[in-house]
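Q: Okay, here's the structure, questions in a sec.
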Amino acid sequence: MNFEEKQISSRNIFKGRVVDLYVDDVELPDGTLSRREYIKHSGGAAVLFIREDSVALVRQYRYAYGEETYEIPAGKLDPGEDPERAALRELTEETGFRASACRHLADIYPTPGYTDEVIFIYLVTEAEFVGEHLDEGEFLNCSYFTIDEFGKMVESGKIKDAKTVIAYYKYMDKRNKGLI
């Protein structure tokens, strides 16, 4: 069976700095009509930075959840920006370390029920310190945790951020298979 839904009409009802909200009328595979609300997002890039057996995690306040979170360095893609370049840019901005190369770990759909966002996750293990330079209005603290501590934070639920949890498991899987 083909599960594709055919767009009949689309309305942009909000255009924001970070996201656009759309309401579309669609025809379902059985011919009935329905409505889809979704958010268009330019996507993001994230980097698991491991230096001397320690992982860089940024702690920042996330307004939508009303709490501080631990996450791997990440940020929104600029229009047309290469995800790998964005990951390297975010690494420098948030940790102060600059790398010339990174290794792809995963592409994820963080919330496919209502957004088209894709987050591209990379691994960096070699970088030089050049000094951080956060974006205007960005407030975070970068700390380093051993891989064991990182794993315990994921397993205990202290880390709830999906991209960070996935980065941990992807890294551990590749490491256990001797691929890293």
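Q: Does R17 fit the bill of being more than 20 Å from A167 (Cβ to Cβ), out of contact with any Lys or Arg (no Cβ under 6 Å at 6 or more places or on another chain), without any contact (Cβ under 8 Å) to a residue 60 or more places away in the chain and in a strand (DSSP E or B)? Lay out the reasoning, then the answer.
A: Working: more than 20 Å from A167 (Cβ to Cβ): yes; out of contact with any Lys or Arg (no Cβ under 6 Å at 6 or more places or on another chain): yes; without any contact (Cβ under 8 Å) to a residue 60 or more places away in the chain: yes; in a strand (DSSP E or B): no.
In short, no.
Q: If you go through the range 24-43, how many residues are surrounded by 12 or more Cβ atoms within 10 Å (Cβ to Cβ), in a strand (DSSP E or B) and hydroxyl-bearing (S, T, Y)? Talk me through it step by step, then tell me what you get.
A: Restricting attention to the range 24-43, the residues satisfying the condition of being surrounded by 12 or more Cβ atoms within 10 Å (Cβ to Cβ) are 24-28, 36, 38-43.
When the remaining residues are screened for being in a strand (DSSP E or B), the result is 24-27, 36, 38-41.
From what is left, the residues that are hydroxyl-bearing (S, T, Y) are 38.
Selection size over the range 24-43: 1.
Q: Sticking with this structure for a sec: Do we find a residue being over 14 Å from the mean Cα position of the chain (by Cα) and basic (K, R) anywhere in the range 92-99?
A: Yes, the conditions are met somewhere in the range 92-99.
Q: Could you list, in sequence order, the residues of the range 53-72 that are acidic (D, E) and assigned to a loop (DSSP other than H, G, I, E, B)?
A: Just the residues of the range 53-72 that are acidic (D, E), to begin with: 53, 67-68, 71.
D53 - this is the single residue of the range 53-72 that is acidic (D, E) and assigned to a loop (DSSP other than H, G, I, E, B).
Q: Exactly one of these conditions fails for I180: (1) more than 16 Å from the chain's Cα centre (by Cα); (2) free of Cβ contacts under 8 Å to residues at least 24 places away in the same chain. Give me its number.
A: Unmet condition: (2).
Q: Taking E84, is it of a type in the set (D, E, K, R) and either surrounded by 17 or more Cβ atoms within 10 Å (Cβ to Cβ) or assigned to a loop (DSSP other than H, G, I, E, B) (or both)? Can you show your working first?
A: Working: of a type in the set (D, E, K, R): yes; either surrounded by 17 or more Cβ atoms within 10 Å (Cβ to Cβ) or assigned to a loop (DSSP other than H, G, I, E, B) (or both): no.
Answer is no for this residue.
Q: Next question. Condition test on L105, is it part of a strand (DSSP E or B), open to solvent by less than 60 Å² (accessible area, probe 1.4 Å) and within 21 Å of R59 (Cβ to Cβ)? Can you show your working first?
A: Values: part of a strand (DSSP E or B): yes; open to solvent by less than 60 Å² (accessible area, probe 1.4 Å): yes; within 21 Å of R59 (Cβ to Cβ): no.
Judged against the criteria, L105 is not a match.
Q: Name the residue that is modelled with the lowest pLDDT, counting only residues in the range 4-23 that are closer than 26 Å to E81 by Cβ and surrounded by 14 or more Cβ atoms within 10 Å (Cβ to Cβ).
A: Out of the qualifying residues, it is V19.
Q: Looking at the range 44-79 only, could you name the residues that are more than 15 Å from C142 (Cα to Cα) and crowded, with 17+ Cβ neighbours inside 10 Å?
A: Within the range 44-79, G44, A45, K76, L77 qualify.
Q: Those residues that are part of a loop (DSSP other than H, G, I, E, B), under 28 Å from D173 (Cβ atoms) and out of contact with any Gly (no Cβ under 7 Å at 6 or more places or on another chain), I need them from the range 111-139; list them, please.
A: Restricting attention to the range 111-139, the residues satisfying the condition of being part of a loop (DSSP other than H, G, I, E, B) are 111-114, 116-118, 125-127, 130-139.
From what is left, the residues that are under 28 Å from D173 (Cβ atoms) are 111-113, 116-118, 125-127.
Those that are part of a loop (DSSP other than H, G, I, E, B), under 28 Å from D173 (Cβ atoms) and out of contact with any Gly (no Cβ under 7 Å at 6 or more places or on another chain): T111, P112, G113, D116, T125, E126, A127.
Q: So for the range 151-162 (the condition being loosely packed, with under 13 Cβ neighbours inside 10 Å, touching a residue at least 60 places away in the same chain (Cβ under 8 Å) and over 16 Å from A45 (Cα atoms)), does at least one residue qualify?
A: yes
Q: Separate question: Confirm whether T115 is surrounded by fewer than 18 Cβ atoms within 10 Å (Cβ to Cβ), hydroxyl-bearing (S, T, Y) and in contact (Cβ under 8 Å) with a residue 40 or more places away in the chain.
A: Values: surrounded by fewer than 18 Cβ atoms within 10 Å (Cβ to Cβ): yes; hydroxyl-bearing (S, T, Y): yes; in contact (Cβ under 8 Å) with a residue 40 or more places away in the chain: yes.
Criteria met by T115.
Q: Sort out which residues of the range 135-150 are within 22 Å of Y63 (Cα to Cα) and either in contact with a His (Cβ under 9 Å, 6 or more places away or on another chain) or surrounded by fewer than 15 Cβ atoms within 10 Å (Cβ to Cβ) (or both), and write them in order of number.
A: Filtering the range 135-150 for residues within 22 Å of Y63 (Cα to Cα) gives 135-143.
Those that are within 22 Å of Y63 (Cα to Cα) and either in contact with a His (Cβ under 9 Å, 6 or more places away or on another chain) or surrounded by fewer than 15 Cβ atoms within 10 Å (Cβ to Cβ) (or both): D135, E136, G137, E138, F139, N141, S143.
Q: Pull up the range 166-180, narrow it to residues that are at pLDDT 95 or above and hydrophobic (A, V, I, L, M, F, W, C), then point me to the one that is most open to solvent (accessible area, probe 1.4 Å).
A: Going through the qualifying residues, I end up with I166.
The values are calculated or read from the model by the stated rules, or taken from the named source; none is laboratory data. Since we're looking at a predicted model, the values are computed, not measured. Note that each Cβ is placed from the backbone with ideal geometry, even for glycine, and that neighbours are counted across all protein chains shown. What goes into the accessible areas is simple: the full protein's heavy atoms, side chains included, and nothing from ligands, DNA or RNA. Shrake-Rupley method; radii C 1.70, N 1.55, O 1.52, S 1.80 Å.
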